[in-house]
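Taking it in order: structure first as structure tokens, then the write-up.
Rule-based calculations on the coordinates, nothing more; no lab input. These numbers were taken from a predicted model, which means no experiment stands behind them. Ideal geometry is used to build each Cβ from the backbone, glycine not excepted, and the neighbour counts take in all protein chains shown.
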Amino acid sequence: MFRTLLVALALVVPIQVSADPVVRKVVEPVKSFVDLRAPHALESLQRSNPAHYAKIQKVIAGIEEQPDRVEGDWLQVNFDAHDVNLQRMMVKTSYPPRQVLSFRLDDVQYTMYVLRRDMVGIAEPLH
């Protein structure tokens, strides 16, 4: 009876054994928000934080080259961005379509538009 109870308890309570301890990176809280959709926001960022300005210029160039990069973890891997949020269900009906992207570099939260040239429809004549 005791053996059956012990086996049942072992099946119910999972025990995780790991050789490597889990290392958690301490993430700084957001101290400021920068809306890159505002006029002259990039020029202001260039003066106030040149390192972030350089990263954001690379982000913009990379997204222009391949717009679907924002769908995956490209920002996290290449720029150590955190809290990446692409509003997938909200697409502005401009030409080309735009989506709102927000992400955090260090302790600054950025918001910007992403031009989605990969979502442009093609007009075909009716037959």
Exercise. Assign unit charges at the C-beta atoms only (+1 for Lys and Arg, -1 for Asp and Glu), then state the dipole size of segment 28-118 relative to its Cα centre in Debye, rounded to the nearest 20.
Key: 320 debye
Practice problem: With a 10 Å radius around each residue's Cβ, average the other Cβ atoms per peptide and rank 101-110, 63-72, 115-124, highest first. | Solution: 101-110, 63-72, 115-124
Exercise. Show which lysines lie in cross-link reach of LYS31 when reach means a straight Cα distance below 25 angstrom and same-chain residues fewer than eight apart are skipped.
Key: LYS55, LYS58
Quiz item: Taking 0.36 nm per residue of separation and subtracting the Cα-Cα distance, what length does fully extending THR111 through MET89 add?
Solution: 6.3 nm
